[in-house]
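The values are calculated or read from the model by the stated rules, or taken from the named source; none is laboratory data. Computed from a predicted structure; not experimentally measured. Neighbour counts are summed over all protein chains in view; Cβ atoms, including those assigned to glycine, are modelled from backbone coordinates with ideal geometry.
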Amino acid sequence: MSESIDWLAQRGQALRGSIRVPGDKSISHRAMMLGALADGVCHVSGFLEGEDTLATAAAFRAMGVRIDEDGPGRKRVHGVGIDGLKPPSAPINCGNAGTGMRLLAGLLAGQRFDSVLIGDESLSKRPMRRVTEPLARMGARIDTADNGQPPLYIHGGQALSGVEYDLPVASAQVKSALLLAGLYANGETVVREPHPTRDYTERMLAALGWPIESSPGQARLSGGHRLCAADIVVPSDFSSAAFFLVAASIVPGSELLLEGVGMNPRRTGLLQALRLMGADIVERNAREEGGEPVADLYVRHAPLHGVEIPEGIVPDMIDEFPVLFIAAAVASGTTVVRGAAELRVKESDRIAVMATGLRAMGARVDETPDGAVIHGGTALGGAQVQAHHDHRIAMSFVVAAQLASAPVRIEGCETVATSFPGFLELATGCGMAIGAA
């Protein structure tokens, strides 16, 4: 892991102005992967220039794909076709990218060559059996460390067969890994989910011409087709916008416009939750770009109140819970989160880490196995908190510090560059107070 970076954040000014957060990380990963497998050249704009997505680009360069740089966020991906990847000469390093590793596991399971996927210290502790076990049902051979964690040793040359698989836990990453393996499988692959998750893979496969049937909670495709190159526009990442949506909602006097934010309905659960809490967020200029719904979001400060988060929207906001905890801590009343056990196996145990940090700042938080009860209305104070090298935790405590009575030192912030390069500059530019500790 790179050297630890600490931040010092404190109360700033009201958030004002108009900003554009970086491109969607999940779509950027998929644009690189499917563009590499397409016939022809894909022009990708809005690509997230973060460490996670650049690791995915490096993986495909290592497998013989030419990727040209046409400026910040603009890539030309010279596809090699569905069967054109070449064996990498060394293990593929996914860095901190759980999405990258899990999706690559599915894609590489159908190749003719062997490959090895490795990651940084954090990624090397994350569970991979949830992907490797259903892939094994398709005929894949993937070995892991004894505990089911990386590295992943993927044996090529396996004859994959389509399966019907019911996901035990809703996960867009596992669903996508199976669909990518299904591109190389004989017969039909059908994936069903207990709750619908984000459908980026399905949308992009369809946009590049692969026959696929999808509806909320189910996707179906067969192998043996081709992908046709097309221009791909990556919208701004809703998960990155989330920190500013919450900050502008809770800091008095704030009035902020977030431009071109991806509004995929399987991603915007936080928007529903914040509105239930009383947030004043208006969608403007709704449109579609590259097969994805997009809008500008205008947010103004509003008094928030605690709610019980509907379990039905939990899968649609799983990455945004850390910053939701901040909104809940400063809201009046109590907020209850259930059905979010997935948070315990992210880059960190996000329930435990958020509860510990908020308690250090004076908030009252009760942990439960699959969520938390957050008692709002307590004034937040200064503290020293641990981000545990989890980018979303680090940025969430920056938001909390904007209402704290004293500075907040946040330790372990270096991984923010994986998902949100330029966060410090954008945050300070619109009114937040934050810098290196």
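See the values below:
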{"quantity": "Hits in segment 1-44 (condition: among the polar types (S, T, N, Q), over 22 Å from residue 176 (Cβ atoms) and within 21 Å of the chain's Cα centre (by Cα))", "calculated": "2"}
{"quantity": "Residue check, residue 261 surrounded by 24 or more Cβ atoms within 10 Å (Cβ to Cβ) and part of a strand (DSSP E or B)", "calculated": "yes"}
{"quantity": "Lone unmet requirement of (1) under 19 Å from the mean Cα position of the chain (by Cα); (2) of a type in the set (A, V, I, L, M, F, W, C); (3) buried (at least 24 other Cβ atoms within 10 Å of the Cβ) for residue 169", "calculated": "(3)"}
{"quantity": "Any hit, segment 268-283, residues being touching a Phe, Trp or Tyr at 6+ places or on another chain (Cβ under 6 Å) and over 30 Å from residue 120 (Cβ atoms)", "calculated": "yes"}
{"quantity": "Residue in segment 315-367 that is surrounded by the fewest Cβ atoms within 10 Å (Cβ to Cβ), counting only those that are closer than 17 Å to residue 275 by Cβ, under 15 Å from the mean Cα position of the chain (by Cα) and of a type outside the set (A, V, I, L, M)", "calculated": "316"}
{"quantity": "Unique match (being assigned to a helix (DSSP H, G or I) and touching a helix residue (DSSP H, G or I) at 6+ places or on another chain (Cβ under 8 Å)) among 117, 135", "calculated": "135"}
{"quantity": "Tally, over segment 227-244, of residues that are under 16 Å from residue 318 (Cα atoms) and either modelled with pLDDT of 95 or more or outside any loop (DSSP other than H, G, I, E, B) (or both)", "calculated": "6"}
{"quantity": "In segment 40-91, the residues that are in a loop (DSSP other than H, G, I, E, B), closer than 18 Å to residue 24 by Cα and of a type outside the set (Phe, Trp, Tyr)", "calculated": "46, 48, 49, 50, 71, 72, 73"}
